[in-house]
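> Take a look at the following structure, please.
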Amino acid sequence: MKNEVFEAFDHGRMAVVGKTVDFDKIEWSKHPIFEGVELKHIVPGSETNGRFSYHLVRVAPGKRIGNHIHETQLETHEVIAGDGFCINDKTRLEYRQGVISIIPAGIEHEVIAGADGLYMFAKFMPALC
């Protein structure tokens, strides 16, 4: 899966006073449950005392982040590139570049990538990991 906009994020940088994080130095990891889903942990919860975590997410074409619930985390998805949809509390939301989706804690949701795959910036408050 190649996409210029997502590649810019994949090789991007986070700047915080006194610290920078080069994204290309962070390894992609396979999602522990969902096949075809990979994560790059940009800001793990261990660095924020569990207050929040940020992750780049790529979902291969036709693959899914299956139906699940985060009991205590508010989750946001910022769609960087690709397409697909999210079923959020039984409502279908189309995902395309520029869409931001908010998933409150305790809400069932799943994400399904379209033919071009899906690239997102996911944020969790409090941290997922």
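The values are calculated or read from the model by the stated rules, or taken from the named source; none is laboratory data. Because the structure is predicted, anything quoted here is derived from the model rather than measured. We place every Cβ from the backbone using ideal geometry, glycine too, and count neighbours over all the protein chains shown.
> Might you let me know whether the range 111-120 holds any residue that is touching a Pro at 6+ places or on another chain (Cβ under 7 Å) and of a type in the set (Ser, Thr, Tyr)?
no
> Do we find a residue being more than 13 Å from PHE124 (Cα to Cα), outside any strand (DSSP E or B), charged (D, E, K, R) and touching a residue at least 12 places away in the same chain (Cβ under 8 Å) anywhere in the range 57-79? Full working, then the answer.
Restricting attention to the range 57-79, the residues satisfying the condition of being more than 13 Å from PHE124 (Cα to Cα) are 58-68, 79.
Add one more test, that the residue is outside any strand (DSSP E or B), and what stays is 60-63.
Keeping just the survivors that are charged (D, E, K, R) gives 63.
Subsequent filtering for residues that are touching a residue at least 12 places away in the same chain (Cβ under 8 Å) retains 63.
Looking for residues that are more than 13 Å from PHE124 (Cα to Cα), outside any strand (DSSP E or B), charged (D, E, K, R) and touching a residue at least 12 places away in the same chain (Cβ under 8 Å), one finds at least one in the range 57-79, hence yes.
> Also, I was wondering about something else. Looking for whichever is over 10 Å from the mean Cα position of the chain (by Cα) and either buried (at least 17 other Cβ atoms within 10 Å of the Cβ) or in a strand (DSSP E or B) (or both) here; the options are ALA127, ALA122, ALA105. Which one fits? Even if it seems obvious, please write down each step before you answer.
Values: ALA122 fails: over 10 Å from the mean Cα position of the chain (by Cα); ALA105 fails: either buried (at least 17 other Cβ atoms within 10 Å of the Cβ) or in a strand (DSSP E or B) (or both).
Step by step, each of ALA127, ALA122, ALA105 is checked, and only ALA127 is over 10 Å from the mean Cα position of the chain (by Cα) and either buried (at least 17 other Cβ atoms within 10 Å of the Cβ) or in a strand (DSSP E or B) (or both).
> Let me ask something else about it. Can you go through GLU27, GLU35 and tell me which one is within 16 Å of GLY117 (Cα to Cα) and not in a strand (DSSP E or B)? Walk me through how you get there before you give the answer.
Numbers: GLU27 fails: within 16 Å of GLY117 (Cα to Cα).
None of the others qualify; the one that does is GLU35.
> Now for a different question. Can you find, within the range 53-78, the residue that is farthest from ARG13 (Cα to Cα) among those that are hydrophobic (A, V, I, L, M, F, W, C) and crowded, with 18+ Cβ neighbours inside 10 Å? Spell out how you get there, then give the answer.
Going residue by residue through the range 53-78, those that are hydrophobic (A, V, I, L, M, F, W, C) are 56-57, 59-60, 65, 69, 74.
Retained after the next criterion (residues that are crowded, with 18+ Cβ neighbours inside 10 Å): 56-57, 59, 65.
Numbers: LEU56: 12, VAL57: 16, VAL59: 21, ILE65: 26 Å.
By that ranking, first place goes to ILE65.
> Suppose the filter is under 20 Å from GLU38 (Cα atoms), among the small types (Gly, Ala, Ser) and in a loop (DSSP other than H, G, I, E, B); does GLY114 pass it? Break it down stepwise before answering.
On the way: under 20 Å from GLU38 (Cα atoms): yes; among the small types (Gly, Ala, Ser): yes; in a loop (DSSP other than H, G, I, E, B): no.
No.
> Taking the condition surrounded by 18 or more Cβ atoms within 10 Å (Cβ to Cβ), under 27 Å from ASN3 (Cα atoms) and either in contact with a strand residue (DSSP E or B) (Cβ under 8 Å, 6 or more places away or on another chain) or at pLDDT 95 or above (or both), does ILE33 pass?
Working: surrounded by 18 or more Cβ atoms within 10 Å (Cβ to Cβ): no; under 27 Å from ASN3 (Cα atoms): yes; either in contact with a strand residue (DSSP E or B) (Cβ under 8 Å, 6 or more places away or on another chain) or at pLDDT 95 or above (or both): yes.
It is false that ILE33 is surrounded by 18 or more Cβ atoms within 10 Å (Cβ to Cβ), under 27 Å from ASN3 (Cα atoms) and either in contact with a strand residue (DSSP E or B) (Cβ under 8 Å, 6 or more places away or on another chain) or at pLDDT 95 or above (or both).
> Here's a follow-up. Looking at the range 77-112 only, could you name the residues that are among the charged types (D, E, K, R) and closer than 18 Å to LYS63 by Cβ?
Residues satisfying the conditions are ASP83, ARG92, GLU94, ARG96, GLU110.
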